[in-house]
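Some notes on the structure that comes next.
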Amino acid sequence: MPTPRCTHHWQDLDRDSTIAWQGQQLHRYLRDCVLPFSLHYQRLFKERGLTAADIRSVADLSKIPFTTKEDLLPTKENPKRTLDFVLKPDPKVLSRRLSVILWALRHGREQVRDELDHEWRPVFMTSTTGRSSEPVPFLYTQHDIARLGLGGGRIVEIGGVRSEERMVNMFPFAPHLAFWYMYYAGMDRNIFALATGGGKVMGTEGNLRAVVKLKPQVIVAMPTFLYHVLQQAVEQNLKLEGIRLLVLGGDKVPDGTRRKLGDLCKKLGSPDVQIMATYGFTECKLAWTECPITPGTPPPGYHLYADQGIIEIINPETGEVMPDGQGGEIVWTPLDQRGTVVLRYRTGDRCENGITWDPCPCCGRRMPRLVGKISRVSDVHSLRFQKVKGTIVDFNELERALDDLPELGAWQIELRKAHDDPLDLDELNVHVSPATSGNTAGIEKNVRELLHAHFELTPNKIVTHTEEEMRTLQKVGVALKEQKVVDNRSKASATERSGTAEPFRPKP
Ligand SMILES: [Zn+2]
């Protein structure tokens, strides 16, 4: 079925009529696309005695059980379990639909067959990066690829990027959402964009050369990688003038990081840079953005696309849906996807202040926004520093605190076992390098004080490094993502959390 480029007016929304529209769309989507063609949801709805007729409003969503990460993992009995979530249309069912019949009468059977094939046949995939489990593939049809452009294009639009401007996309080249989303963003909005493939493809040096040559106004990157590229430019006394917008994804962007990136741009000759942070994840095949802001301004929250899906905020303990303005776990339901589809997907990400429908303080757009810090539940760890009890450490907060320390540049936290004995206590080492090279005075002391005062942590070692040593430690240009937290506690099954993280998602 030909799909309109934008299914709903997306920028100037009235809360109640939008939620009413979403309810109707949800019902139609379940009736026409998901339930006839998704093995998993057919089974689930049958078990619960539900049909599409039971779901006619956003409030009715709560009748549908959540889908979790575990539901997507392969089992012994079902090694290709994710395929149960891929919509597989039955040509017979489609050919009986009145709309398809009318369409065939007008345009001929051949064309209809071709169009349906474009709408439903998976031709592309991205995958999760599986830190603790197998990577999970998410399939796209041409219908979904068009929405990559639509969603990415809106990021470019909210960023006010003009068609004569140039973008450099430094997201890592991989079957991951971020790289492709921003690739299609440029295509959709007809903007010149060079995708360097990030550090692993071209190194910091190659990315720097690309920026020097192309003189982009807009740079799209993961924050830590961009920090290293700009820091290296400063070391080389380069001038990079005319950069006006940094679009960041793949990790948290604390205020301190924004300030440090802004300062580096200033040193390089681009004093008025603005920064926008994005948030997205593989399972929703979309990412959203904040408005561009000057470093130091409070972040205004991520503009959500109400025509593309529904975000619920739930109480992670009870599963109850939270009212507007209250924090909780982010849950995703699409309204117009083909390929792999998950309903009420629990992200494991918590948003501090939930959803607001108030006009954005920066741009005035009336779209729902996700407001406040986003953290990952899986980044809260119990560490054993003493024989008697474990210490609960929220790495979301710990990493933000380190990023916010003004004199600290790049850093790495290393967890290990004392004496390399798996049964022994945990040890925590912090590797640091100064924000301004040569200015190392007091850094170790300040880091020690910060960890003690706010986290009751006493690191075993704090080691100061040069920028270059830090780039090696973080595996800049080697790993897909810079390694800011390295867990060496179970060397046998070494899990390097930061190294396998998923671009766009804040935090790993
Ligand atoms: Zn805005």
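Values quoted throughout were computed directly from the atomic coordinates according to the rules given, and no laboratory measurement underlies them. This structure is a prediction, so every number in the text was calculated from the model and none was measured. Note: ideal-geometry Cβ built from the backbone for every residue, glycine included; neighbour counts use all protein chains shown.
Counting Lys and Arg as +1 and Asp and Glu as -1 over every other residue whose Cβ lies under 12 Å from the Cβ of D358, the net charge comes to +3.
Think of the chain as having a plus end and a minus end, set by charges on the Cβ of Lys, Arg, Asp and Glu; of A441, L35, V342, L35 sits farthest toward the positive end of this dipole. Couplings 3J(HN,Hα) of the stretch 232-244, computed from phi: 5, 4, 5, 4, 8, 6, 7, 10, 10, 8, x, 6, 10 Hz, in residue order, whole Hz [Karplus 6.51 cos²θ - 1.76 cosθ + 1.60, θ = phi - 60°; x for Gly and Pro].
With θ taken as phi - 60° and the Karplus curve 6.51 cos²θ - 1.76 cosθ + 1.60 applied, the whole-hertz 3J(HN,Hα) list for the stretch 470-476 is 5, 4, 5, 4, 7, 6, 5 Hz, x standing for glycine and proline. Note on K389: lysines with a C-alpha under 18 Å away, same-chain residues under 8 apart excluded, are K417. The long axis of helix 443-455 is offset from the longest Cα principal axis of the chain by roughly 50 degrees. Per-residue Karplus couplings for the stretch 96-103, computed as 6.51 cos²θ - 1.76 cosθ + 1.60 with θ equal to phi - 60°, are listed in order as 8, 6, 4, 4, 5, 4, 4, 5 Hz, Gly and Pro entered as x.
Relative to the longest principal axis of the Cα atoms of the chain, helix 15-29 runs at roughly 60 degrees. A simple count of charges around F173, restricted to other residues whose Cβ falls under 13 Å of its Cβ and scoring Lys, Arg +1 and Asp, Glu -1, yields +2. Around the amide H of A193, modelled in the peptide plane, lie the amide H atoms of M167, all under 5 Å away and 5 or more residues distant in sequence or on another chain. The slack between H454 and D272, meaning 0.36 nm per residue of separation minus the straight C-alpha distance, is 62.2 nm.
Using every pair of separate Cα atoms, the Kirkwood estimate puts the hydrodynamic radius of the chain at 24.1 angstrom. Counting only lysines at least 8 places from K46 when in the same chain, those with an alpha carbon closer than 16 Å to its own are K63. Taking the DSSP beta bridges with both ends in the stretch 378-500, the antiparallel portion is around 65 percent.
Using only side-chain charges placed at the Cβ, +1 for Lys and Arg and -1 for Asp and Glu, the dipole size of the chain relative to its Cα centre rounds to 1120 debye. For D404 and K215, a Förster radius of 25 Å and the Cβ-Cβ distance give a FRET efficiency of 0.20, rounded to the nearest 0.05. Principal-axis analysis of the Cα atoms of the chain puts helix 395-404 at an angle of about 60° to the longest axis. For the stretch 378-500, the dipole from Cβ point charges (+1 on Lys and Arg, -1 on Asp and Glu) about the Cα centre works out to 320 debye, to the nearest 20.
For the pair D421 and K389, a Förster radius of 22 Å applied to the C-beta separation gives a FRET efficiency near 0.70, rounded to the nearest 0.05. Under a model in which nothing but the beta-carbon of Lys, Arg (+1) and Asp, Glu (-1) is charged, the stretch 161-276 shows a dipole of about 120 debye around its Cα centre. Give K285/K491; K260/K475; K76/K252; K373/K445; K461/K491; K285/K475 a once-over and call out the pairs whose C-alpha atoms are over 24 Å from each other. Result: K285/K491; K76/K252; K373/K445; K285/K475 exceed 24 Å. The amide H of L457, built 1.01 Å from its N in the peptide plane, has H452 as neighbours under 5 Å, considering only residues 5 or more places off or on other chains.
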